[in-house]
Amino acid sequence: MVIGIGIWAFVIYIISILVWMLLLKRNIAEAMGVGLIIVALFKGITALPNTLAVSLVSAAKESSFLATMLFLLMAVIMTKTGIIAHLVELLNSLIGRVKGGAAYVSTCASFLFGLVSGNAIANCSTVGAITVPWMKESGWPKEVAATMNAGNAGVGQAMPSCTAMFLLVGLAEVSKAMTISQAYIAVLCAGAWTFLYRLLRVWLYAREYHVQPVPEDQIKPMKQSFRDNWMSLLMLVGIAIPLFLTMGPIAAFLTSVKSFGKAGVGSINIVLWVPILVSVICLIIGRKNLPHKAGEWVGLAKGSQQTFTTVGGVLLFALAASKVLTMVGFDRDLKVVLNSLSLPNLIMIILTCIMVALVAGPLSAVATTAAVGQVAYSIMVGAGVSPIAAVAAFMICISTEGASPPSSSPIFISCGLAGVDDPAVIFRPLITDYIVPLLGVATLVAVGIFPVIH
């Protein structure tokens, strides 16, 4: 079997990113930029300037690029306005009295933050800064607290707020099979399955380590907590409104109205309106915590600059590289390789899930999607998985990024918050208690045992 140039371009692209990040210790944005240049060379040295220009301009025009910037802005606003702290206090009053309650609160808070942010590092840092010390105080071993915080970090990457979903659905082969709205609901279901597993994992840990409930003196009475913190729940309205307007009975009614119609409903872009509405709501209810002087606003902008430039650069270069790989025939060459294999469908699905997780370990969710998204989707669909289930399963696989040793940032952030000196001590439990089971959940979603709605 002859391996086409598209396959070689992809392999060298991945190797160049890994070398730049892991051996040269440079940041992910630089690595993705270098990877883009190297893969563009496969179109010819003389054509390099034109290849880069065409791919970058095309990538910058993608709606997923704007959506990413809006979700990043939303995460900054949520953190600055203190919405998460209010949400954690409310959750504590609700479920803190069960055994291991602090960890349940942490898991639920990670889920809700991930629902609107889709960023593993932001999730790990924001929620973990509040809940990791609290878990230690309530009797959780520091290593277990760090493990759970890192294991929960990626829950948002299995959610529709994750930039990778927009990138994946924007790929040519995927966009032919579904709309953003269909993918949004399906991925929301996928994220819910991973959340349920994480709750099960807390229950198993609580039994293993005999952790007791949060002390009563650290729990506000429910009525008082709700009175003080109920407004934090309003951020969920920012998600609900676009969903109700684009699907279900309200959407059906609006479609029937002549002055609005199907075109009006179709013009509502969920992925743009969710971050806008959530940001506006958080700005209103958390306005007291916002800067009041121009210098304070400048400081806030400078503090967020690195996040925006890094994530923006990663996404731009990843989208551009994906387009260049298509130019050099990666999809065509991959199909030739796949057609030469004769493994059972279930084995192909499992191997695909493992492949995605292995790539997601050293790379970001977005970079992984750009690198192997179309490949994984094609393999799964070729193995009999429905297109919508293939997207949902892929999102679950990349959500293992936050818990993948040895280079995942949430691991080191969590260990720092918990006071764990050697991060290597949580590598094994992260693999056995989070990565492997989550790949199992992805497989069950792919084969239809865990259903998703669309």
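The values are calculated or read from the model by the stated rules, or taken from the named source; none is laboratory data. This structure is a prediction, so every number in the text was calculated from the model and none was measured. Methodologically, a virtual Cβ is constructed for each residue, glycine included, from the backbone with ideal geometry; neighbour enumeration extends over all protein chains shown.
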Does MET74 qualify as being among the aliphatic types (A, V, I, L, M), surrounded by fewer than 22 Cβ atoms within 10 Å (Cβ to Cβ) and either modelled with pLDDT of 80 or more or closer than 21 Å to MET235 by Cβ (or both)?
no
Conditions (1) more than 26 Å from the chain's Cα centre (by Cα); (2) modelled with pLDDT under 85; number of the one not met by ILE38
(2)
On the given criteria, is GLY118 on the phi > 0 side of the Ramachandran plot, within 15 Å of the chain's Cα centre (by Cα) and of a type in the set (Gly, Ala, Ser)?
yes
Selection from the stretch 130-174 of residues that are surrounded by fewer than 24 Cβ atoms within 10 Å (Cβ to Cβ) and either of a type in the set (Lys, Arg) or under 13 Å from the mean Cα position of the chain (by Cα) (or both):
LYS136, LYS142
If I filter the stretch 194-242 down to residues being of a type in the set (Lys, Arg) and farther than 15 Å from SER106 by Cβ, which single residue comes out as surrounded by the fewest Cβ atoms within 10 Å (Cβ to Cβ)?
LYS223
Can you spot a residue in the stretch 20-27 that is closer than 18 Å to VAL375 by Cα, in contact (Cβ under 8 Å) with a residue 24 or more places away in the chain and crowded, with 19+ Cβ neighbours inside 10 Å?
no
Selection count where residues are buried (at least 19 other Cβ atoms within 10 Å of the Cβ) and not β-branched (Val, Ile, Thr), scope the stretch 403-428
9
May I ask you to verify whether SER181 is closer than 17 Å to LEU430 by Cβ, more than 15 Å from the chain's Cα centre (by Cα), in contact (Cβ under 8 Å) with a residue 12 or more places away in the chain and assigned to a helix (DSSP H, G or I)?
no
Can you tell me which of GLY82, GLY96, GLY128, GLY101 is of a type outside the set (Phe, Trp, Tyr) and at positive phi?
GLY82
Inspect all residues belonging to the stretch 121-142 and state whether any of them is within 23 Å of ALA321 (Cβ to Cβ) and modelled with pLDDT of 85 or more.
no
Given the conditions (1) modelled with pLDDT of 80 or more; (2) under 30 Å from VAL372 (Cβ atoms); (3) surrounded by fewer than 16 Cβ atoms within 10 Å (Cβ to Cβ), every one holds for ILE284 apart from (2)
Among the residues in the stretch 42-59, are any among the hydrophobic types (A, V, I, L, M, F, W, C) and under 18 Å from the mean Cα position of the chain (by Cα)?
no
